[in-house]
Amino acid sequence: MPRPFRTLRRKLRLRARRQYLLARAIRRRRRLRPVQNRTRRIRPGDILLFMSMRNEKIRLPWFLDYYRRLGIRHFLVVDNGSTDGGREYLAEQPDVSVWLTHASYKDSRFGMDWMNWLLHRYGSGHWCLTVDPDEFLIYPHHDSRPLKALTDWLDASAIKSFSAMLLDMYPKGPLHERPYAEGSDPFRIADWFDPANYTISKNGEYWNLWIQGGPRGRVFFAEDPEQGPALNKIPLVRWEKGYAYVSSTHMLLPRSLNVVYDEDGGERASGCLLHAKFLSTFVAKAGEELTRRQHYSDSQEYVAYHQGLQENVDLWCEESRHYEDWRQLEDLGLISKGNWA
């Protein structure tokens, strides 16, 4: 088949896929029941945060404080049947809107149907950050410039999406030795990371980069690293109607949003999502998720975690690096200022 016809067929296939994802999200909106809807308070120019969660109350005070300081003006959260009081806690916050669903997380494409609907309904025209409760965005100058400074620069540069590699953080020693307390900074405990040990490739269909490795790759998936979780994320997008996440925040449609890298030898600005998964709370969380079997590939990732945690695993190794600041990550090539001086 001639190349122009193959290209046209691919474009039509991806357009159909995007329309399917949006239609699916719109249909599944009926499974969301508003607990507290304060979206009328959203103003033009507000940066919004979107999240789904279940039983994450212990993380919420620090999470909200962190992102408020960064410049998030409204949080839109889907609670998937929490039983720990987290939903009630969020409903009391003046800048949070909460929806409840008891529908299957797995059958909602691991929460992305819910996120795509809320992004479609409330995100258009806004910079939208979509993260999990254990993901904390950092970017060049984040310690001195608010998130709006970054999004203003992205707007001025006609850049519509911003990538952030997921950087797994962990303590030195077994997880249970340093208990995490509600409201505290998780990175006072999980303050180590892998400076290298990552693989990267390009997805020819969606054009996104695919990154794997880090401590989960070397500890939990050492025998089959290709089964390890993806670390590539595109969490920050200037959303418009018609956009849709395809798989978590790993990739979007239209696929031009996935081109967050420079193929001509330069660098584009990028950040990291510091991942506070590996705290003392993780053992109980992994057990719950293994029982529920609501995650990707029949929760095989959590099967690997459960097996490793039974051995009282320590993620730290001689090559681990103690976290200092974003400049350290820039020196290691894990984030980039690009043209943002």
Exercise. Considering only residues that are basic (Lys, Arg) and under 16 Å from the mean Cα position of the chain (by Cα), look in segment 218-241 and name the one that is surrounded by the most Cβ atoms within 10 Å (Cβ to Cβ).
Key: LYS233
Exercise. For LEU90, state whether it is surrounded by fewer than 21 Cβ atoms within 10 Å (Cβ to Cβ), out of contact with any helix residue (DSSP H, G or I) (no Cβ under 6 Å at 6 or more places or on another chain), of a type outside the set (Gly, Ala, Ser) and modelled with pLDDT of 95 or more.
Key: no
Self-check item: Contacts under 7 angstrom Cβ, first residue in segment 3-14 being at pLDDT 80 or above, partner charged (D, E, K, R), 6 or more apart
Solution: LEU14/ARG255
Quiz item: Does any residue in segment 39-50 that is charged (D, E, K, R) come within less than 7 Å, Cβ to Cβ, of a residue that is outside any loop (DSSP other than H, G, I, E, B) six or more places away or on a different chain, and which pairs are these?
Solution: ARG41/HIS74; ASP46/HIS74
Quiz item: Here is a list of conditions, (1) in contact with a helix residue (DSSP H, G or I) (Cβ under 8 Å, 6 or more places away or on another chain); (2) closer than 20 Å to VAL131 by Cβ, and LEU64 meets all of them except one; can you say which number that is?
Solution: (1)
Quiz item: Does ASP194 satisfy the condition of being acidic (Asp, Glu), modelled with pLDDT of 95 or more and crowded, with 21+ Cβ neighbours inside 10 Å?
Solution: yes
Exercise. Enumerate the pairs (first residue in segment 115-138 and under 15 Å from ASN232 (Cα atoms); second residue anywhere and of a type in the set (Val, Ile, Thr)) with beta-carbon separation below 6 Å, excluding pairs fewer than 6 apart on the same chain, so at least 6 apart or on different chains.
Key: THR130/THR249
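The values are calculated or read from the model by the stated rules, or taken from the named source; none is laboratory data. Note that the structure is predicted; figures quoted are calculated from it, not measured. Cβ: placed from backbone, ideal geometry, glycine included. Neighbour counts: every protein chain shown.
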